[in-house]
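Comments concern the structure below.
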Amino acid sequence: MIIKFIENYAKLIVSVPEDVSITKELIDDNFAEIVISVNSVDIGKLIGKNGNMINALKTMANGCKAKDGVSYKIQVVVK
């Protein structure tokens with residue numbers, strides 16, 4: 001659920017939505033890492049001014065912890 005939301009959200013923000021890909025790696029039972037891969041021209045848009053966009057995604061992901069008990073780490077990388 002969180003992966004699909006983040007993917008749709010990222011595609012709305014970036015200029016090249018077809019280059020957005022999301023991977024989720026479960027580190028252990030209570031921790032997962034989400035990696036958002038984007039085109040190099042879009043990394044600034046996804047991070048946002050002063051990190052506001054990516055912080056909003058992290059806040060939303062932390063809210064999901066209450067539901068599924070998993071902590072999420074989000075990283076943005078260039079494809």
- Message: Show me the helices (runs of 4 or more DSSP H) found entirely inside the chain where at least 2 residues are under 9 Å from the mean Cα position of the chain (by Cα).
- Response: 2-13, 52-68
- Scan the range 45-64 for residues that are more than 13 Å from V20 (Cβ to Cβ) and either surrounded by 13 or more Cβ atoms within 10 Å (Cβ to Cβ) or among the aliphatic types (A, V, I, L, M) (or both) and jot them down. I47, G48, M53, I54, N55, A56, K58, M60, A61, C64
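Restricting to the range 18-44, name every residue that is acidic (D, E) and buried (at least 16 other Cβ atoms within 10 Å of the Cβ). Break it down into steps so the answer makes sense when it comes.
Within the range 18-44, the subset acidic (D, E) is 18-19, 25, 28-29, 33, 42.
Of everything in the range 18-44, those that are acidic (D, E) and buried (at least 16 other Cβ atoms within 10 Å of the Cβ) turn out to be D19, D42.
Take K79 and tell me if it is under 20 Å from N8 (Cβ atoms) and either open to solvent by 50 Å² or more (accessible area, probe 1.4 Å) or among the polar types (S, T, N, Q) (or both). Spell out the reasoning first.
Values: under 20 Å from N8 (Cβ atoms): yes; either open to solvent by 50 Å² or more (accessible area, probe 1.4 Å) or among the polar types (S, T, N, Q) (or both): yes.
So K79 passes the test.
The values are calculated or read from the model by the stated rules, or taken from the named source; none is laboratory data. Since we're looking at a predicted model, the values are computed, not measured. In this analysis, Cβ positions are derived from the backbone assuming ideal geometry, glycine residues included, and neighbour counts consider all displayed protein chains. In case anyone asks, the SASA skips ligands and DNA or RNA and just uses the protein heavy atoms, side chains included. Shrake-Rupley method; radii C 1.70, N 1.55, O 1.52, S 1.80 Å.
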